[in-house]
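Here's the structure, in structure tokens; my notes come after.
The values are calculated or read from the model by the stated rules, or taken from the named source; none is laboratory data. Just so it is clear, the structure is predicted and the values come from calculations on it, not from any experiment. As a convention, Cβ positions derive from the backbone with ideal geometry for all residues, glycine included, and neighbour counts pool all protein chains shown.
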């Protein structure tokens, strides 16, 4: 079958934001086809296309903006023609995104695409995540809490962003209805609500109505997927739950808020723990007690017990999880010290479990994509969904080149990791070629004994720290063993897919390599909220090559292939299990990320050292 070249992109809608006071007429022109874009609510000009408009590589696409003329300068037109280039958009679409954003002439242009626009590697091969993102492109979360409880810090740490911007959909809308987004992470959208003050009812009614109306939305992407109820842990007595908060919990336990899970996040645990330590020092009766144990005991009384009493007041809670009427809780802090990082990871784990159980598996998958706390959670998601399930027995693979087969697997893995990658480097031909070149190397010489005790964390951080330290040394001239853009496509990638020993080993090696290289990259960028760059990707690849993980994984892959009989090999399930075992064995936790990040030189020291 012939591989498709430059497939058409399907434009499903266009939105123009800003400049509404000056803008008089907007027209989208593709060749000779012209479509006027009407003014919608507020400051947004919007048009949806059903069926979508096809935009091919050879088409001329121009957005014409006619601005209002000045009565004093009648001869000046103030018009603007903005060119839309196929190559710019295809790079965005190939990264799994559904929107192309461009700002020019004071107008923000947002072009949406049909999921079928994904730049596919062939006519009938497409990433598994494509259907998931069509159904649910973003995790939609509502955060409730008073000002000062740490909502903004929690969102920034959980989703790995430094800013969250609002999209204004019209004057007069309540704040809770506005969508807050970040250019650094397009896989979540935030709704924010102020907390409930004593005796206050208006905001309570607004929140209740918003939750119930979102629950009635027919499409998963428009529903609320999770609610974080943020409450600062009290350190000086006082009431933990306001009356309106209690009413919210009553309605949840009665099933009147729909299926959306509510997770209570008791914030500022580090402050509470410090207060507990001081109490131990000041109170002789507490002398010798462990501060962490005492703090957790106090949390049970102060925070968990009031919630438990409310839930139990509405009947038995034995099947609360299955019914979706329970309200799990977790203490959290955005303090970056490693001993606290597990709390943030626990919040993500609780949220994902409840979203998956009560809202839908696709929403849970997108939650895994959106979070930027726990690399193990991302690896577990790829294992659970089996994005590489076509590994050894796909009826679609025969007839396609190995490059095309690996292309769709690569896209799925990159989509789950969801790095901030504005230049789409991880989906670039250069990065793919680098990974295929690595998979071509099945050499297991000098591999450590796989039976010896092995610490993934130390194997990860050692080579990274060594490379970055060398790069930042005075007058150091270091040439990384890989340079993106300088790698020629290996010959075997051009071969047609066929089930064989070598093909299976290369497929398995490719999946393990990409996953663990991306784990290295996660370690480099996550704690500092940095975007992917050529240098960081090269360091991630080089460090993986220098670690024992590569040769150990090759040894275990070859052992699997030697031991597997023909039936096992053709079935492919056991190959999947081997891949899953390897990536899980070499994965690191959120706590380890925080610990290891302290040992890694900051990239500024590398680039300016």
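If only residues of the stretch 106-136 that are over 19 Å from residue 185 (Cα atoms) and surrounded by fewer than 17 Cβ atoms within 10 Å (Cβ to Cβ) are counted, the one that is modelled with the highest pLDDT is 131.
When you scan the stretch 216-321 for helices (runs of 4 or more DSSP H) that lie fully inside it, which ones turn up with 2 or more residues that are under 22 Å from residue 345 (Cα atoms)? Full working, then the answer.
Working: elements: 243-253, 269-282, 291-299, 305-312.
In the stretch 216-321, 269-282, 291-299 are the helices (runs of 4 or more DSSP H) which contain 2 or more residues that are under 22 Å from residue 345 (Cα atoms).
For beta carbons closer than 6 Å, sequence separation of 6+ or different chains, a first residue in the stretch 279-290 that is at negative phi and a second that is surrounded by 10 or more Cβ atoms within 10 Å (Cβ to Cβ) and part of a loop (DSSP other than H, G, I, E, B), the qualifying pairs are 280/289.
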